[in-house]
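Here is the structure we will look at.
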Amino acid sequence: MLYEPGKRQAYEEGSKISVRQESSELYKKHYFPLPAEMEHIKPKRMLKQEQEMLDRLKQAGIDFDVFVSNGLSISSLPYVDIKIPGELNEQEKSALQAGIDDYGTRFLLANLDKIIVIKAKSPASRIRIGAITGSRLNIAVITTAPEGSQITVTEYFGTIGEIDSQLGIANIIHAERNARASLYQIHNEGKNSIVLSSASDAMGENSTLSLNSMYGGGSITHARNFLVASGPASTVEINDLAFGSGMQKFDILDHVENGSYNTKVESRSKAVVSDFSACILKAFARIPHGVPNARSYVYQRGISMSKDAHIDALPDMSIDESAVRATHSSAVSPIDADEIFYLMARGIERGKARKIILNSFFGEILARFGDLEMQRIASSILDNRIEGIFSALPNPNAEFMHVDAAVEGIESHYKYRK
Amino acid sequence: MMVEIKDLHASVNGKEIIKGLNLSVRSGEIHAIMGPNGSGKTTLANAIMGHPKITIESGQILIDGKDANGMKTDERVKLGIFMQFQNPVEIDGVGLIQFLRTSKESITGSKINFKEFMDDIKESMKKLEMSDDFIKRSLNVGFSGGEKKKSEILQLMVLKPSIAILDEPDSGLDVDALKVVANNIQEIAKQNNMGVIIITHYSRILSYIRPDSVHVMIDGRIVANGDYELVKKIEKNGYESLQEKSK
């Protein structure tokens, strides 16, 4: 059956689709294929394992204002509604049509289980969302940051360890004039999951959107972020981290555009892969004609930890305006042997030296995570992964070492150390 | 504590760099190794530290009587060896202080009292005329050549090894900074009965730190031994006459 956008009825339980995998002409030779025929079948009630994981997260100090699993959806905030596709109004339906024309994104939008609609009214809000599945779960989060507001949305995604599962998240963000929207995604799915992620936006004048993602779970992660600084003097900032081991694959595309004058877009990605893991970092920055004084920045770095692991860093830019500033850079290398030797020459054993270097590698991006709780969770998960622990839960006792640009003083170096 | 090098032959990427070298350094002794560029001085330092790119073809390095062959770099350090790097690496995101704490705890094998540790660091930084900003900065990131040298000597002062190998501690330093660094090396060496191997091209630093022994290294061998008088000779005549001798 061929895919048709927006036709949920075409995807009843057990139905299958088959379409081309990479819609971007630029990157059509560089992608990891999702299963050619994806199904969306899910149980109708919360699984015992999902409940257990939720309990364990709470014990680890991770709590949610909004929680979604297959059979349960709870919002403890009056300005956050959880809807099913049939309950959406025209504006919300229209919002879901935006974004990148991509197989994975369209699949998840056409198979949405729950839609979280955030309409914060206060000048500053922070909403913590959690989603866990032991089978299949697709959700969308529609966030509106009203004029002049500051809104932070944190998202934690998990799947049950050994179970084959699929988790999809589509973020649709609307930041009105002078608003600031900060989104954080922590992907800590099990190793047998398919992870679909996408983000799209609409920006008002002088607004700021910051999308911060840590991809650590799943057998394959397919992320498509299509963000345009559409309002005059608006800013879009994307920070991506990925850590892969075993056979994990990450296919991450940041498509950023300067959609108006005096705008700034930045895409920063860092990945570490080990064993047989592979990662494609794709970042395309477009500056169309008619957006003077636009600034665009693409930065990609990768460390490959084994001869069988690999990272493709593929930055690209299309610039049709002359009065702009645009920079891109990318580099992939093995872990630096001189850095290891230097640390060992200070009495630090090899394993710990490696850990310090990887933590510092991620630390540069983590320091840009303005939400300290999400920074703590992300660093804790990465720490576990560096130790070789593939866990659906972060380790609250994890050691962590990095310079936090946001907090001054010596003690800032230890604040993530239990 | 003693480092003994016996008829050492070492190569890098199949090329022999150290060609039969003998040297003994005890705690409390100050040795200077001088020599022209490419004579193998840094390779010798790296060989003592167990750099993975250096292959020991024959001979021995004994650290306190223990054969260092097969010993990992961190194990050598735990026996009391320290190396000041000529070009220390920059590691973004690793705070200098946290790094030093990890290093100290790794070497001693025990948790340290953080307040005492910080007091020690602050005192050493003051002596080295380092700004307080260094406390907040990442390891060597954005440091000038002179700042890197001071950062290395700060590590020496905090870690207090039994024998320190200083690879060109004078390069990149202006006259005033050189005096500060040299005085601190001398002081820490005296206080801790530390053995010091200073690798340098120039005599200037040795006018502040008077060596007990001076060795001239050319083409992977020590071709002359002496005291401070040898430094004066080199200052006057250069290495040329000694190079002739080595052939």
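Coordinate-derived values only; no laboratory data. Being a predicted model, the structure only gives us computed values, none of them experimental. Counting neighbours? That spans all protein chains shown, and the Cβs are built from the backbone with ideal geometry, glycine included.
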field: Prolate/oblate/rounded call for the range A:30-182, Cα gyration tensor, a/c under 1.5 rounded
entry: oblate
- line: Over chain A, the sum of -39500 (n - 2.57) across DSSP H runs of at least four, divided by residue number and rounded to 500 deg cm²/dmol, gives at 222 nm -5000 deg cm²/dmol
statement: In Å, the Kirkwood hydrodynamic radius from C-alpha pairs for the range A:103-146 sits at 12.2
task: Sort out for me the Cα centre separation of the range A:210-229 from the range B:66-92, rounded to whole Å.
output: 41
- prompt: What is the mean projected area of the alpha carbon convex hull for the protein assembly as shown, to one decimal in square nanometres?
  reply: 32.4
message: Working only with C-alpha atoms, what are the Rg and Dmax values of the range B:187-237, expressed in angstrom?
response: 11.8, 35
- request: Place a +1 charge on the Cβ of each Lys and Arg in chain B and a -1 charge on the Cβ of each Asp and Glu, then give the dipole magnitude about the Cα centre in debye, rounded to the nearest 20.
  value: 160
field: Tail beyond 29 Å, pair distance distribution of chain B (Cα, percent)
entry: 28
field: the range A:111-130 and the range A:357-379: distance between their alpha carbon centers, rounded to Å
entry: 24
query: Once the Cα atoms of helix B:228-237 and of chain B are each reduced to a long axis, what angle between those two axes, in degrees from 0 to 90 to the nearest 10, is obtained?
result: 70
message: Given contacts defined as C-alpha pairs under 8 Å and at least six residues apart, what's the relative contact order of the range A:314-396, whole-number percent?
response: 17
task: Using only Cα atoms, tell me the angle between helix B:114-127 and the longest principal axis of chain B; keep it within 0 to 90° and round to the nearest 10.
output: 60
- prompt: When the Kirkwood radius is taken over all Cα pairs of the range A:8-334, what Stokes-Einstein diffusion coefficient follows at 25 °C and 0.890 mPa s, in µm²/s?
  reply: 124
- prompt: How big is the antiparallel share of DSSP beta bridges in chain A, given as a percent to the nearest 5?
  reply: 5
